[in-house]
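S.K.: Handing you a structure now.
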Amino acid sequence: MRNKLIVIRWILLLASLSTFANLAIGQTFEKKTLTLQGAERVIATAKAEAQKLQAPGGVIAVVDDGGNLMALERLDGTFSAGANISIGKARIAVMFKQPTRFFEELINSSGKGCTVMTVLENFTPLIGGIPITVDGQIVGGVGVSGAASADQDEKLAIAGANAFTPGASAAVGSTAPVSYFEKSKVEDAFSKGAVLLDGSDGRNYMVHASRREKPGQAEIHTKDADVIYVLEGSATFVTGGVPVDTAATAPDELRGSSIRNGQTQQISKGDVIVVPNGVPHQFLEVTNPFLYYVVKVR
């Protein structure tokens, strides 16, 4: 009898805990957060739209849901004040949870009744600010200033804000030009080792025609993953482990003298290797020449 009472008490306790948990869940929700990578995606999408519309310039600013600046990019040909204005537009869009067009049109149409709004601190009631929404939640804002017109500012901002909607990635890709490199140019690139496509037009990938004639340093790309395809020659390739004597050589790039406790393997013509970002790797004992394509994906 006593054991039965203990079992019943445990059942009641578990039921109470379950009820409490359900009540707690009902009073909270999963909050979406805009990451730095997400902010960069918003900018890349807006830049692609700028290329499509042949915008003469512009500054694209992205803020989080608290109005804090996360990322900003200034296109060539933009006036110097564009940065502050675009940031202001993005902040107003997220703080008031609606496009800044609403405020400019309200002030212009209402006359003296609404001009008092313009004296608010850091208030930028100009067309070109759009909230960024993901799954019904506002996660940030994007503001654009310095394009051909206020309407074009808004078009670029809308494109950026829609970066996370279904099909947005495909739409961005369709605006980038197709790149063709004829045989002579490719051969010239491999003769010295050169970049074929640098990703400066907003793409998140680069293509290198790489050439090695001797071993190299240990490398760590903090943001870029390397997809390597060996065309000619062979090499000893070390991955993982602990890089020795590392130092920054460029933004998001580290180099070291060697790798300790890494995994060693032989690679040769036809092999494909994928090195995720942040993983140390090093070429040792290469043939002369050792030729390979590298597609860097960020």
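S.K.: I need the semi-axes of the equivalent ellipsoid of the range 183-297: take the C-alpha gyration tensor, multiply each eigenvalue by 5, square-root it, list largest first in whole angstrom. Please report the intermediate quantities before stating the final value.
M.R.: Details: eigenvalues 92, 68, 29 Å².
Over the Cα atoms of the range 183-297, the ellipsoid semi-axes are 21, 18, 12 Å.
S.K.: Show which aspartates and glutamates lie in cross-link reach of residue 192 when reach means a straight Cα distance below 16 angstrom and same-chain residues fewer than eight apart are skipped.
M.R.: 213, 232
S.K.: Straight-line reach from residue 223: which lysines have Cα under 19 Å away, leaving out those fewer than 8 places along the same chain?
M.R.: Within the straight-line cut-off, residue 223 pairs with 296.
S.K.: Could you give each residue of the range 180-186 its phi-based ³J(HN,Hα) in whole Hz, using Karplus coefficients 6.51, -1.76, 1.60 with θ = phi - 60°, and x for Gly or Pro?
M.R.: Karplus values, whole Hz, x for Gly and Pro: 10, 10, 5, 3, 4, 5, 5.
Just so you know, all these numbers are worked out from the coordinates, no wet-lab data involved. Since this is a predicted model, take the numbers as computed values, not measurements.
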